[in-house]
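Chemist: First the structure, then my questions, so here it is.
The values are calculated or read from the model by the stated rules, or taken from the named source; none is laboratory data. Being a predicted model, the structure only gives us computed values, none of them experimental. We place every Cβ from the backbone using ideal geometry, glycine too, and count neighbours over all the protein chains shown. Protein only, heavy atoms only, side chains kept; ligands, DNA and RNA dropped before computing areas. Shrake-Rupley method; radii C 1.70, N 1.55, O 1.52, S 1.80 Å.
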Amino acid sequence: MIPRFKLSPDAPEVSALAYGVWRIADDPAGSSTARVRAKIDACLAQGITTFDHADIYGLYTCEGLFGRALADAPSLRDQIEIVTKCGINVPCDHRPGVRVHHYDASAAAIERCVDRSLRELRTDRIDVLLVHRPDWLTSAEDTARGLLGVIESGKVRSVGVSNYNPHQFALLARYLGHAPVTNQIELSLLRMDAITDGTLDQCQGADVHPMAWSPLGGGRLLTGDEPGAVRTRALLARLAAEYGATAEQLALAWVAALPSKPQVVIGTNQLDRIRDAAASVRIKLQREHWYELWAAAQGKPIP
């Protein structure tokens with residue numbers, strides 16, 4: 001089964017793998033309640049209990065699709081942790097008053113987004129609320145006020161951020177009075193910025209597990225034709241035979257091996273890939289193999 005841990009000492013316990021729902025509205029097999037329920041059940045069968053949402057996913061439709069599945073089987077709610085994100089506004093049918101793609105992480109906007117997410121998800125609480133991206137026109141103090149407000153109201157259990165750099169994370173922590181419980185960042189063999197820019201070091205220092213989105217580089221690692229993907233894919237294929245695993249499983253294990261112990265966010269509409277991804281938690285990459293994959297992705301040896 002999937003290991004469990006707290007994202008931070010004051011955060012809810014979560015599964016080491018999270019299921020990202022952002023593609024459920026685009027499933028070729030459909031987005032019926034039964035189909036969404038099948039994915040939830042496939043995750044729970046493997047011990048994946050954390051579901052990663054954002055209000056914007058599916059142009060503001062994915063929370064509602066998931067919520068219908070929860071309404072159909074209310075007992076599911078106590079078996080899972082819901083993470084959702086707020087702050088991105090995109091012109092679309094579900095945002096008729098929005099003219100320009102923009103961010104809004106003001107206190108008032110946070111409360112509006114949380115109320116909408118609760119309605120869409122058919123739940124009375126959000127386990128972890130994340131500010132999806134830094135809002136350059138809202139002060140950290142105002143954002144913190146909004147985050148603390150939804151905690152005090154009982155709507156949200158804990159709060160964090162997504163796509164924040166170390167300075168933005170530290171500034172928000174100052175006004176929250178504590179570190180955000182996580183920083184959800186893009187992290188994969190094809191996107192390593194967080195390893196060297198201080199983001200993961202900051203998480204370790206704050207006793208925070210980051211969340212790693214797009215651990216397969218948006219699929220490019222398995223199918224892309226860029227040189228880094230081609231080199232890394234060849235090495236993953238060679239190592240896969242040695243580990244008795246798949247290239248995809250090894251790529252997930254590479255992210256999970258980092259000392260900050262990220263919660264790895266998978267995203268697939270295929271039930272068999274959910275099961276396969278869960279097996280990645282049993283893989284312990286040898287140190288030299290981890291660095292060999294780093295060098296293949298970078299196209300150069302370590303400094």
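Chemist: Please give every one of the lysines within straight-line cross-link reach of LYS39, meaning a C-alpha to C-alpha distance under 24 Å, and leave out same-chain neighbours fewer than 8 residues apart.
Modeler: Reachable lysines: LYS6, LYS85.
Chemist: Mind jotting down the distance between the C-alpha centroids of the stretch 239-297 and the stretch 4-32, whole Å?
Modeler: Here the two parts' Cα centres lie 17 Å apart.
Chemist: Given the options GLN249, GLN286, GLN46, state which has the largest fluctuation in a GNM of the chain using a 10 Å cut-off (strictly under) for Cα springs.
Modeler: Ranking GLN249, GLN286, GLN46 by mean-square fluctuation puts GLN286 first.
Chemist: Suppose we flag trypsin sites (Lys or Arg not before Pro) only when DSSP calls them loop and at most 16 other Cβ atoms lie within 10 Å. Which is the longest uninterrupted stretch of the chain? Intermediate results must be reported in sequence, preceding the final value.
Modeler: Values: sites that count: ARG23, ARG99, ARG125, LYS284.
My reading of the result: 126-283 is the longest stretch.
Chemist: Which of the three applies to the stretch 163-214, rounded, prolate or oblate, going by the alpha-carbon gyration tensor with a ≥ b ≥ c and a/c under 1.5 meaning rounded? Can you show the working numbers first?
Modeler: Numbers: a/c = 2.09, a/b = 1.96, b/c = 1.07.
In terms of gyration-tensor shape, prolate.
Chemist: Pull up the DSSP beta bridges for the chain and report the antiparallel fraction as a percent, rounded to 5.
Modeler: Values: 7 of 32 bridges.
Bridges in the chain are about 20 percent antiparallel.
Chemist: How many nm is it between the label spots at ARG275 and ARG125, if each spot is 7 Å from the Cα in line with the beta carbon?
Modeler: 3.3 nm
Chemist: How many Å² of accessible area per residue for the chain, probe 1.4 Å? Don't skip to the answer; put the middle values down first.
Modeler: On the way: 13300 Å² over 303 residues.
On a per-residue basis, the chain sits at 44 Å².
Chemist: What's the magnitude of the charge dipole for the chain around its Cα centre, counting Lys and Arg as +1 and Asp and Glu as -1 at the beta-carbon? Answer in Debye, nearest 20. Show your work: numbers first, answer last.
Modeler: Details: 33 positive and 35 negative charges, 77 e Å.
Value, rounded to 20: 360 debye.
Chemist: Tell me, in nm to one decimal, what length is gained between LYS6 and HIS102 on full extension, where the rule is 0.36 nm per residue of separation less the Cα-Cα distance? Present the calculation step by step, with values, prior to reporting the outcome.
Modeler: On the way: separation 96, 0.36 × 96 = 34.56 nm, distance 3.18 nm.
Extra length from LYS6 to HIS102 when fully extended: 31.4 nm.
Chemist: Another question about this same structure. Using a Förster distance of 51 angstrom, determine the FRET efficiency expected from the C-beta separation of SER32 and LYS284, and round it to 0.05. If you can, show how the numbers build up before the last one.
Modeler: On the way: r = 39 Å, r/R0 = 0.76.
Between SER32 and LYS284 the formula returns 0.85.
Chemist: Say R0 is 22 Å: what FRET efficiency, to the nearest 0.05, do ALA234 and TYR291 get from their beta-carbon distance?
Modeler: Details: r = 16 Å, r/R0 = 0.75.
My answer for the efficiency is 0.85.
Chemist: By its C-alpha gyration tensor, with a ≥ b ≥ c as the square roots of the eigenvalues, how is the stretch 1-108 shaped: rounded for a/c under 1.5, else prolate for a/b larger than b/c, else oblate? Write down the numbers at each step before the final one.
Modeler: Numbers: a/c = 2.34, a/b = 1.34, b/c = 1.75.
Oblate, since a/c reaches 1.5 and b/c is not below a/b.
Chemist: Run down the aspartates and glutamates and flag those whose C-alpha is under 17 Å from the C-alpha of LYS284, throwing out any fewer than 8 positions away in its chain.
Modeler: Within the straight-line cut-off, LYS284 pairs with GLU242, GLU248, ASP276, GLU292.
Chemist: Further question on the same structure: Taking θ as phi - 60°, what are the ³J(HN,Hα) couplings along the stretch 125-139 by the Karplus curve (6.51, -1.76, 1.60), each to the nearest whole Hz, with x for Gly and Pro?
Modeler: Each residue's phi maps through the Karplus curve to give 7, 10, 6, 9, 9, 10, 6, 5, 8, x, 9, 6, 9, 10, 5 Hz.
Chemist: Shifting gears a bit: Cα gyration tensor of the stretch 80-158, axes a ≥ b ≥ c as square roots of the eigenvalues: rounded (a/c below 1.5), prolate (a/b > b/c) or oblate?
Modeler: Details: a/c = 2.08, a/b = 1.23, b/c = 1.70.
Taking the square roots of the gyration eigenvalues as a ≥ b ≥ c, the stretch 80-158 is oblate.
Chemist: Taking the chain as the reference, fit the longest principal axis to its C-alpha atoms, fit the long axis of helix 107-121 to the helix C-alpha atoms, and give the angle between the two in degrees, 0 to 90, nearest 10.
Modeler: 70 degrees
Chemist: Turning to a different aspect of this structure: Summing Lys, Arg as +1 and Asp, Glu as -1, what charge do residues with Cβ under 13 Å from the Cβ of ASP201 carry, ASP201 excluded? Please list the in-between numbers first.
Modeler: Values: positive: none; negative: ASP193, ASP197, ASP207.
With Lys, Arg at +1 and Asp, Glu at -1, the neighbours total -3.
Chemist: Something else about it: Of the accessible area of the chain, with the probe set at 1.4 angstrom, what percent is carbon plus sulfur? If you can, show how the numbers build up before the last one.
Modeler: Working: 6780 of 13300 Å².
Carbon plus sulfur share of accessible area: 51 percent.
Chemist: Can I ask one more? With a cut-off of 18 Å, note down the residues of the stretch 199-213 whose backbone N falls inside the zone around a label point 7 Å from the Cα of ILE302 toward its beta carbon.
Modeler: Under cut-off, by backbone N: 199-201.
Chemist: Right, another one. If you place +1 on the Cβ of every Lys and Arg and -1 on the Cβ of every Asp and Glu, how big does the dipole about the Cα centre of the stretch 21-148 come out, in debye to the nearest 20? Walk me through the numbers before you get to the answer.
Modeler: Numbers: 16 positive and 19 negative charges, 54 e Å.
Around 260 debye, computed over the stretch 21-148.
Chemist: Sticking with this structure for a sec: Karplus couplings for the stretch 43-51 from phi (6.51 cos²θ - 1.76 cosθ + 1.60, θ = phi - 60°), rounded to Hz, Gly and Pro as x?
Modeler: So the Karplus estimates, Gly and Pro as x, are 5, 4, 5, 9, x, 8, 10, 9, 10 Hz.
Chemist: For the Cα atoms of the chain, what angle does the longest principal axis make with the long axis of helix 140-152, in degrees from 0 to 90, nearest 10?
Modeler: 80 degrees
Chemist: Mind checking the angle between helix 62-72 and the chain's longest principal axis? C-alpha axes, 0 to 90 degrees, to the nearest 10.
Modeler: Around 80 degrees separate the two axes.
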